[in-house]
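First up is the structure itself, then whatever we jot down about it.
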Amino acid sequence: MAGQLSAILNFAPELVTTATLIVDTKGQGFSDITGEAKRFVDECKAGEGVFFVYLRHTSASLVIQENADPDVQTDLTTALNKMAPANAPWVHKVEGPDDMPAHIKAMVTGVSLHIPVNNGELSLGTWQGLYLIEHRTAPHKRELMLQFIGSRRPD
Amino acid sequence: MAGQLSAILNFAPELVTTATLIVDTKGQGFSDITGEAKRFVDECKAGEGVFFVYLRHTSASLVIQENADPDVQTDLTTALNKMAPANAPWVHKVEGPDDMPAHIKAMVTGVSLHIPVNNGELSLGTWQGLYLIEHRTAPHKRELMLQFIGSRRPD
Amino acid sequence: MAGQLSAILNFAPELVTTATLIVDTKGQGFSDITGEAKRFVDECKAGEGVFFVYLRHTSASLVIQENADPDVQTDLTTALNKMAPANAPWVHKVEGPDDMPAHIKAMVTGVSLHIPVNNGELSLGTWQGLYLIEHRTAPHKRELMLQFIGSRRPD
């Protein structure tokens with residue numbers, strides 16, 4: 001075995017909660033939505049369980065990434081631009097030259113992820129933040145679904 | 001804060017449901033399985049919760065992508081072929097020249113995702129569809145697990 | 001419709017379980033954690049539901065990949081190195097030349113996934129294993145959260 005497994009904690013599923021989050025992006029770049037996710041988990045009265053986030057678009061995406069040095073976001077953007085260059089001969093051009101690269105970037109990063117909730121708090125690592133990446137050049141209004149399934153935090 | 005959080009809706013978890021979906025692919029390309037996912041959620045009598053889809057293979061994958069212009073799929077395929085060219089000197093060649101590129105494409109797109117279910121319906125965005133991407137050249141029979149956790153829809 | 005949907009099985013959600021898994025990596029490469037995941041699901045007394053795994057780091061990641069030929073891991077590593085070469089002019093260099101490529105590799109592969117649990121067992125495909133990929137050159141201690149939501153296995 002490669003790893004050490006802790007004791008297992010057991011809880012009863014009591015809650016399924018849902019909210020919508022609207023994010024106004026400023027064009028290509030990262031929006032930190034960690035604070036909104038934490039606020040949702042807190043307002044849910046979540047105890048132990050799983051937090052889910054889903055983005056209802058195909059030219060933006062969700063990632064867990066480094067939250068300390070903004071240079072990391074610059075380099076992540078460079079890497080995504082290399083995988084999906086704006087000046088390649090894409091067939092799908094009707095929505096502008098930034099649209100098809102945006103779909104490719106959304107495909108490799110994804111629109112659906114979960115984060116554990118332990119003892120009423122999002123169990124992110126020390127250096128982890130939750131980000132929406134806007135891949136289009138122009139600002140967009142983006143809609144996300146936030147959900148929690150698990151136990152209720154004791155009052 | 002980057003975004004506006006709606007009111008939080010609360011439900012009781014009542015259901016864990018599971019089904020198997022078999023998809024016969026026609027070789028490299030996209031199979032739209034949005035209809036199957038919707039039918040599962042409907043037949044589950046799902047109310048509010050989370051839909052999960054999982055693909056039990058390593059040379060095909062799952063994505064949420066644009067559902068309007070078929071040219072998008074052409075370009076997504078081009079981008080994946082560039083990340084994992086068939087003519088590179090891969091070490092793993094025993095299953096044919098299309099096999100190792102298929103594993104790479106499956107790695108960057110993934111085999112596991114969730115979609116929210118709200119008020120008995122999959123909460124996909126207007127332009128989102130759920131796709132299985134076959135990365136092998138030949139047709140394959142692919143097995144998926146569909147699941148729902150959440151509340152039961154009122155009769 | 002592209003696929004054949006089986007009958008739907010219904011269960012009651014009874015458990016939310018959580019454990020921590022610590023993995024000591026040996027530097028860049030794959031650690032097979034399938035055994036630990038199976039042991040967790042077994043010790044949970046999980047019946048029917050969903051297993052979740054989450055990695056609390058931004059320079060390592062999680063994938064479901066081929067479990068038979070080790071050459072596949074060699075080629076997956078080659079493909080990731082091509083997407084995020086160590087010798088590119090990255091802006092973020094303070095943590096060493098292997099750090100920024102590690103963040104890029106973590107972004108395209110992800111730190112959050114689920115696997116179905118059916119009849120008390122992880123429903124992996126025949127050729128699927130669950131791997132932690134270390135993207136840093138040096139060995140690291142990595143922390144994961146394992147969770148299960150679903151029904152309890154009958155005694």
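Laboratory data are not the source of any read-out in this text; all were calculated from the coordinates shown. These numbers come from a predicted model, not from an experiment. Quick reminder, even Gly has a Cβ in these numbers, built from the backbone with ideal geometry, and neighbours come from all protein chains shown.
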Requested in this report: Report, for B:Asp98, each distance to the same residue's label point in the other copies, shortest first and in nm; define the point 7 Å along Cα→Cβ.
Outcome: 3.7, 3.7
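Counting other C-beta atoms within 10 Å, which of B:Phe148, B:Phe30 has the fewest, and how do the rest follow?
Working: B:Phe148 25, B:Phe30 20.
Final ranking by Cβ density, sparse to dense: B:Phe30, B:Phe148.
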**Report entry** Evaluated over the protein assembly as shown, the Cα radius of gyration and Dmax, each in Å
**Finding:** 20.3, 61
Query raised in the report: If each of A:Phe11 and B:Thr74 carries a label point 7 Å out from its Cα toward its Cβ, how far apart are those two points in nm?
Result: 5.0 nm
Report summary line: For C:Lys45, the aspartates and glutamates lying under 15 Å Cα to Cα, once residues fewer than eight places off in the same chain are dropped, come out as C:Glu14, C:Glu36, C:Glu121, C:Asp155
Query raised in the report: Can you give the alpha-carbon Rg of region C:84-155 over 2.2 N^0.38 Å, where N counts its residues?
Result: 1.57
**Report entry** Gyration tensor (alpha-carbon) shape descriptor, region C:91-133, a/c threshold 1.5
**Finding:** prolate
Query raised in the report: Can you sort A:Thr126, C:Thr137 by how many other beta carbons sit within 10 Å, fewest first?
Result: A:Thr126, C:Thr137
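Which entries of A:Lys105/B:Lys82; A:Lys26/B:Lys105; B:Lys26/C:Lys82; A:Lys26/C:Lys82; A:Lys105/A:Lys141 show an alpha-carbon separation above 21 angstrom in the structure shown?
Values: A:Lys105/B:Lys82 14 Å; A:Lys26/B:Lys105 31 Å; B:Lys26/C:Lys82 30 Å; A:Lys26/C:Lys82 30 Å; A:Lys105/A:Lys141 18 Å.
Too far apart for the 21 Å limit: A:Lys26/B:Lys105; B:Lys26/C:Lys82; A:Lys26/C:Lys82.
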Requested in this report: List every DSSP H helix in chain C whose Cα atoms extend 15 Å or more along the helix's own long axis and whose mean Kyte-Doolittle hydropathy is at least -1.0.
Outcome: C:71-83, C:99-109
Report task. Using Cα centres only, tell me the gap between region A:85-100 and region B:105-133 in whole Å. Result -> 23 Å
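B:Arg142: net charge of surrounding residues, Cβ under 9 Å, Lys/Arg +1, Asp/Glu -1, itself excluded?
Details: positive: B:Arg56, B:Lys141; negative: B:Asp24, B:Glu134, B:Glu143.
Every neighbour counted, the sum reads -1.
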Query raised in the report: Which whole-number value in Å³ per residue fits the convex hull of the alpha carbons of chain C?
Result: 147 Å³
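For B:Met145, A:Met100, what's the fewest-to-most ordering of other Cβ within 10 Å of each Cβ? Working shown, then result.
Details: B:Met145 23, A:Met100 28.
In increasing order of surrounding Cβ atoms, one gets B:Met145, A:Met100.
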Query raised in the report: Given region B:58-116, what whole percent of its Cα pairs are spread farther than 13 Å?
Result: 65 percent
Query raised in the report: For peptide A:146-153, how many partner chain Cβ atoms fall within 10 Å of a residue's Cβ, on average?
Result: 5
Query raised in the report: Taking θ as phi - 60°, what are the ³J(HN,Hα) couplings along region B:145-155 by the Karplus curve (6.51, -1.76, 1.60), each to the nearest whole Hz, with x for Gly and Pro?
Result: 10, 10, 9, 9, 10, x, 8, 8, 5, x, 5
Report summary line: Per the helix-only model, the protein assembly as shown has a calculated mean residue ellipticity at 222 nm (DSSP H runs of ≥4, -39500 (n - 2.57) each, divided over all residues, rounded to the nearest 500) of -7000 deg cm²/dmol
